[in-house]
Ligand code: UD1
Ligand code: CA
């Protein structure tokens, strides 16, 4: 798992000796996504939703974790490995999903965080707040995360007593108009006392609008048994967005991008127009990096200090060293290693290539499966012909070499240190160091030819346009000049 670049120490010190477990439920069908991909594998900033949640969970001390999956669990299990999984089949509701983890939680003595795989933006800070509340002196059986939403449609409502303790959660579908008027919503996430949790779940029935076993019912059940329940409220409603539709996914992506932009700036990068820069969850930027508008980072990018990324670049799987200048309009594909002070210019594509210190590839080039030595200059339009339809082959360009414009380097091929290739050459065999190589037809020159050509053509055109041209006797007026 790629480490976060922010400066939070992890794992954090436990607040008490009480143990913590986490059950992440992700067995729902996700039908509202209308997708062949399981909902929790849809990506936010280049990482599966559920991966974000597990990443945050890494930041708290968690003694046991399990992900509850549905019938076709394979792909999700692979994604969450080595976190263990268990199966809920068929999915009969959120309470039933948590019950599916009973075996894994056997003999667990501590607090259980119940997280939803489709609520991926939850932060470790909020998880910790919920655990702290769970461990308070009034010893609530269940702590529920509440939030106030602008759009409350679909969310369960938190029903409070007059003193403000939590009495029940009413699902939106089952709520009366008065209950729907409650603005405090259920984020779905809970911290429960592991000793009481499964007894409460056993008492849940499916007597409701969806004929499902609702996790939310454990609150009223706990109250009826004389336990207290509490609310931990988050002021950031965007942290608890439940992703049910593609529209929700887009909102979650926007929230995550905003977090990543803030993080980049907090760590010392300038984003000239933050809203137009798209990060991957793992993008690492050094200090004094400048990112111009419309730049998109895919996964696996590390950028050193003082790098200047000009507008309209697409960068993935690449390492860029200090002082390099990239773009505008550059594409760095996986395996690009850009050395210090290298210049990669407009309409240049680099793939699986090492560009050493100070080399320049400034215009309209493709450099793939290659090494470009330090200080080499790659002329406009240079192409490494790295693929013959079957195999990829390597191009090696020595330090200080000068590759003339429009050179085609047919790999495998090597150009020695300091060598020069003539513009337009097609290089198929290795070029020794410090030599000149030219591969092009000898230039043909005919003095005055162009002027004569124009005179002749002009005369032909005039004859053709004349009123009594030879056309009248059926001959074509346009003569082909055999000398052409
Ligand atoms: C749930 C809450 C609702 C809350 C909302 C917050 C319940 C009954 N309702 O509603 O109060 O406001 O989340 O986003 O808990 N799942 C299973 N197995 C199942 C059903 C669901 O694992 O049988 C998982 C889903 O994969 C998902 C999560 O539980 O990760 C929530 O299920 P979903 O159907 O999306 O619940 P909501 O209707 O959003
Ligand atoms: Ca949901």
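List every residue pair whose Cβ atoms lie under 9 Å apart, where the two residues are 6 or more positions apart in sequence or sit on different chains, the first residue falls within segment 191-209 and is touching a residue at least 24 places away in the same chain (Cβ under 8 Å), and the second residue, located anywhere, is loosely packed, with under 13 Cβ neighbours inside 10 Å and not in a loop (DSSP other than H, G, I, E, B).
Sorted first by the residue in segment 191-209, then by its partner, the pairs are 208/173; 209/173.
Does residue 57 satisfy the criteria of being in contact (Cβ under 8 Å) with a residue 60 or more places away in the chain and either under 21 Å from the mean Cα position of the chain (by Cα) or surrounded by 21 or more Cβ atoms within 10 Å (Cβ to Cβ) (or both)?
Judged against the criteria, residue 57 is a match.
Does any residue in segment 85-97 that is farther than 14 Å from residue 203 by Cα and without any contact (Cβ under 8 Å) to a residue 60 or more places away in the chain come within less than 7 Å, Cβ to Cβ, of a residue that is more than 6 Å from ligand 1 (Cβ to nearest atom) and not in a loop (DSSP other than H, G, I, E, B) six or more places away or on a different chain, and which pairs are these?
Listed pairs, sorted by first residue: 85/66; 85/67; 85/69; 85/77; 86/66.
Please pick out the residue among 168, 100 that is away from ligand 2 (no atom under 14 Å from the Cβ), over 21 Å from residue 60 (Cβ atoms) and touching a helix residue (DSSP H, G or I) at 6+ places or on another chain (Cβ under 7 Å).
After ruling out the rest, the residue left standing is 168.
Filter segment 294-328 down to the residues that are in a loop (DSSP other than H, G, I, E, B) and under 18 Å from the mean Cα position of the chain (by Cα) and list them by number.
294, 298, 299, 300, 301, 312, 313, 316, 317
Let me confirm something: among 134, 129, which residue is more than 16 Å from ligand 2 (Cβ to nearest atom), at pLDDT 95 or above and more than 25 Å from residue 255 (Cβ to Cβ)?
134
Checking the condition in a loop (DSSP other than H, G, I, E, B), closer than 30 Å to residue 145 by Cβ and either touching a residue at least 24 places away in the same chain (Cβ under 8 Å) or under 20 Å from the mean Cα position of the chain (by Cα) (or both), which residue from 247, 242 passes?
So the residue among 247, 242 that is in a loop (DSSP other than H, G, I, E, B), closer than 30 Å to residue 145 by Cβ and either touching a residue at least 24 places away in the same chain (Cβ under 8 Å) or under 20 Å from the mean Cα position of the chain (by Cα) (or both) is 242.
Please pick out the residue among 341, 388 that is more than 22 Å from residue 303 (Cβ to Cβ) and either surrounded by 24 or more Cβ atoms within 10 Å (Cβ to Cβ) or out of contact with any helix residue (DSSP H, G or I) (no Cβ under 6 Å at 6 or more places or on another chain) (or both).
From the options 341, 388, the qualifying one is 388.
Could we say that residue 98 is within 29 Å of the chain's Cα centre (by Cα), modelled with pLDDT of 95 or more and within 12 Å of ligand 1 (Cβ to nearest atom) here?
So residue 98 does not fit the description; no.
I'd like to know if segment 214-229 contains one or more residues that are within 11 Å of ligand 1 (Cβ to nearest atom), more than 30 Å from residue 258 (Cβ to Cβ) and modelled with pLDDT under 95.
No, segment 214-229 contains no residue that is within 11 Å of ligand 1 (Cβ to nearest atom), more than 30 Å from residue 258 (Cβ to Cβ) and modelled with pLDDT under 95.
Quick test for you: out of 202, 174, 193, 211, pick the one residue that is closer than 21 Å to residue 138 by Cα and more than 8 Å from ligand 1 (Cβ to nearest atom).
So the residue among 202, 174, 193, 211 that is closer than 21 Å to residue 138 by Cα and more than 8 Å from ligand 1 (Cβ to nearest atom) is 193.
Identify the residue in segment 106-126 that is out of contact with any helix residue (DSSP H, G or I) (no Cβ under 7 Å at 6 or more places or on another chain) and either within 16 Å of ligand 2 (Cβ to nearest atom) or at pLDDT 95 or above (or both) and, among all such residues, is nearest to residue 188 (Cα to Cα).
So, considering only residues that are out of contact with any helix residue (DSSP H, G or I) (no Cβ under 7 Å at 6 or more places or on another chain) and either within 16 Å of ligand 2 (Cβ to nearest atom) or at pLDDT 95 or above (or both), the one nearest to residue 188 (Cα to Cα) is 116.
Inside segment 10-34, can you point out the residues that are assigned to a loop (DSSP other than H, G, I, E, B) and either modelled with pLDDT of 95 or more or buried (at least 18 other Cβ atoms within 10 Å of the Cβ) (or both)?
Answer for segment 10-34, where residues must be assigned to a loop (DSSP other than H, G, I, E, B) and either modelled with pLDDT of 95 or more or buried (at least 18 other Cβ atoms within 10 Å of the Cβ) (or both): 27, 28, 30, 34.
Any residue in segment 262-285 that is within 16 Å of ligand 1 (Cβ to nearest atom) and in a loop (DSSP other than H, G, I, E, B)?
no
When residues of segment 172-201 are filtered for being more than 40 Å from the chain's Cα centre (by Cα) and either within 20 Å of residue 111 (Cβ to Cβ) or within 16 Å of ligand 2 (Cβ to nearest atom) (or both), how many remain?
Count: 1.
The values are calculated or read from the model by the stated rules, or taken from the named source; none is laboratory data. In this text, all values refer to a predicted model and were calculated from it rather than measured experimentally. Positions of Cβ are backbone-derived with ideal geometry, glycine not excepted, and every protein chain shown enters the neighbour counts.
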